[in-house]
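Participant: Below is a structure I'd like to ask you about.
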Amino acid sequence: MSAPQPQRSTVPILLYDGGCATCRRIAGWVERSAARGPGAPGIVQRPVGNDPAALRQLNPGLDIWDAYAVSHVIMPDGSMKLGGEAVAEVLRCLPRTRRLASLLDLSLFGVRPFQVTLNLAYAVLDDVRPLFGCESCGRPKPWVRPFERLTGWVKAWAGTAPRVQAAPHFRHLAGRDTLRR
Amino acid sequence: MCHQAGPGLDRSPPAMGCGNALGDTVLMETAMTTKTAHDTIQTLNGQSFAQLVLGGPGPIAVEFMSYGCGYCRAIEPILQQVARLIEADETVFRVNIEVEPDLAAQYRIGGTPTFVTFLDGRELSRVEGPDPSEAAVMQAVTGPFTS
């Protein structure tokens, strides 16, 4: 049996977590911003969903667990951009941010300082997401855990502390906006 | 939701980020992770759940999970390893609660990951959010059958 041929899009595809309210807002902003330019949108977005086989149609190396964990942009040639590189690609595709994104390509002695900064910012923001109440992020990285305790104290002091979580490796369903995407 | 692997069954994707740790065959590498060749855990829908879990013989463990859950992601490579270790004695399945909310409601799943063990179609025990360690996952999956 031959392997299924990957689906190709003529524009980059931004994958986002359809169960995450923040991610949906960002995807909505990208969609509106892309529609402002002349002609067809320069980028499309689609939720990661729950079908591993459908994702592998976009790129045989695309793993659904990875797709939820890190921002992915699938390029028309089938290659993937991840994390800060994916953010940069989104910025390149939007009419309003295209010029800003050109800064990311500036190279000094073989290093792209703005892109490196963006990658670093993405990595830090990704690590600290659990501090902002991200339900799907899992356990914070070890370096973030002291801050988690700190924000816990602040929330407790402000009276907005969430209920005590008995199992630290458990994602409660209560409070989620939707179960079925 | 499209499940193309067969009627009621879906071989989900290879576990990621764990290939070298588990000694699996590494198929490909991306900038972020390594990917492995095998997934020993079948994903069930309502129909196959009734057939293979409620109607299935022998010890069975079911992980209620979702792909968007970071804890499930952390536990996935360990669960794959445990499932391979015990496959001669026990079968491990998974149910994606995003796809099967009715099953999740029926079994009063309060979050993910939740491990429920069954024997002859009867629920024996459940463990919510075990540590992502082999010992904890092994206990969650085999505990009621070994004690």
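Rule-based calculations on the coordinates, nothing more; no lab input. This one's a predicted model, so the numbers in the text were calculated from it and none came from an experiment. Note: ideal-geometry Cβ built from the backbone for every residue, glycine included; neighbour counts use all protein chains shown.
Participant: Taking 7 Å along the Cα-to-C-beta vector as the label spot, tell me the A:SER9-A:ARG99 distance in nanometres, rounded to one decimal.
Facilitator: Each label point is offset 7 Å from its Cα along the Cβ direction, giving 2.7 nm.
Participant: Okay, next question. Starting with the highest mean, order B:40-47, A:120-127 by the number of other Cβ atoms within 10 Å, averaged over the residues of each peptide.
Facilitator: Taking the mean over residues of other Cβ atoms within 10 Å, the ranking is B:40-47, A:120-127.
Participant: Next question. With viscosity set to 1.306 mPa s and temperature to 10 °C, compute the Stokes-Einstein D of the stretch B:38-146, Rh being the Kirkwood radius across alpha carbon pairs; µm²/s, no decimals.
Facilitator: Details: Rh = 13.5 Å.
It comes out at roughly 118 µm²/s.
Participant: How large is ³J(HN,Hα) for each residue in the stretch A:12-20, as worked out from phi by the Karplus curve 6.51 cos²θ - 1.76 cosθ + 1.60 (θ = phi - 60°), to whole Hz, x for Gly and Pro?
Facilitator: x, 10, 8, 8, 9, 7, x, x, 9
Participant: Please average, across the residues of B:95-105, the number of beta carbons from any other chain that are within 10 Å of each residue's own beta carbon, and give a whole number.
Facilitator: On the way: counts 0, 2, 4, 8, 5, 3, 4, 1, 0, 2, 2.
What the average comes to for B:95-105 is 3.
Participant: Percent relative contact order of the stretch A:13-105, based on C-alpha pairs within less than 8 angstrom and at least six residues apart?
Facilitator: On the way: 122 pairs, mean separation 27.6, N = 93.
Answer for the stretch A:13-105 is 30 percent.
Participant: So, one more: Using the Karplus equation 6.51 cos²θ - 1.76 cosθ + 1.60 (θ = phi - 60°), what ³J(HN,Hα) coupling, rounded to whole Hz, does each residue of the stretch A:87-101 give in order, writing x for Gly and Pro?
Facilitator: 4, 4, 5, 4, 4, 5, 8, 9, x, 6, 10, 4, 5, 4, 5
Participant: Let me ask something additional. Can you give the FRET efficiency to the nearest 0.05 for A:ARG36 and A:TRP157, using r as the Cβ-Cβ distance and R₀ = 41 Å?
Facilitator: Details: r = 43 Å, r/R0 = 1.06.
Computed FRET efficiency for A:ARG36 and A:TRP157 comes out at 0.40.
Participant: Once amide H atoms are placed 1.01 Å from N in the peptide plane, what residues at a sequence separation of 5 or more from B:ASN45, or on another chain, have their amide H within under 5 Å of its amide H?
Facilitator: Close amide H contacts, sequence-distant or interchain: none at all.
Participant: Where both partners of a DSSP beta bridge lie in the stretch B:38-146, what percent of those bridges are antiparallel, to the nearest 5? List each step's numbers first, then the result.
Facilitator: Working: 12 of 21 bridges.
In the stretch B:38-146, approximately 55 percent of DSSP beta bridges are antiparallel ones.
Participant: In debye, nearest 20: dipole of the stretch B:38-146 around its Cα centre with unit charges on the Cβ of K, R (+) and D, E (-)? Numbers along the way, then the final one.
Facilitator: Numbers: 6 positive and 14 negative charges, 23 e Å.
About 120 debye.
Participant: Same structure, new question: Give me P(r) over the stretch A:1-102, computed from all C-alpha to C-alpha distances, binned every 5 Å, as integer percentages.
Facilitator: Histogramming the stretch A:1-102 at 5 Å steps yields 2, 14, 24, 25, 19, 10, 4, 1, 1, 0 percent.
Participant: So, with +1 on the Cβ of K and R and -1 on the Cβ of D and E, and no other charges, what is the size of the charge dipole of the stretch A:13-105 about its Cα centre, to the nearest 20 debye? Intermediate results must be reported in sequence, preceding the final value.
Facilitator: Numbers: 11 positive and 9 negative charges, 108 e Å.
That gives the stretch A:13-105 a dipole magnitude of about 520 debye.
Participant: Would you mind getting me the FRET efficiency between A:LEU120 and B:SER125? Use the beta-carbon distance for r and R0 = 51 Å, nearest 0.05. Walk me through the intermediate numbers first.
Facilitator: On the way: r = 45 Å, r/R0 = 0.88.
With a Förster radius of 51 Å, E is 0.70.
Participant: Let me ask another. Quick one: which of B:121-129, B:69-77 comes out on top by average Cβ neighbours within 10 Å, and what's the full order, highest first? List each step's numbers first, then the result.
Facilitator: Values: B:121-129: 16.7, B:69-77: 24.8.
Highest-to-lowest ranking by the protection proxy: B:69-77, B:121-129.
Participant: With a 10 Å Cβ neighbour count serving as the proxy for reagent exposure, in which order, fewest first, do A:MET75, B:MET138, B:MET65, A:MET80 appear? Spell out each step's value before the answer.
Facilitator: Numbers: A:MET75 15, B:MET138 18, B:MET65 27, A:MET80 24.
Lowest to highest Cβ neighbour count: A:MET75, B:MET138, A:MET80, B:MET65.
Participant: Suppose R0 equals 22 Å; then what is the FRET efficiency for B:GLU134 and A:LYS141 from their Cβ-Cβ distance, rounded to the nearest 0.05? If you can, show how the numbers build up before the last one.
Facilitator: On the way: r = 21 Å, r/R0 = 0.95.
It comes to 0.55.
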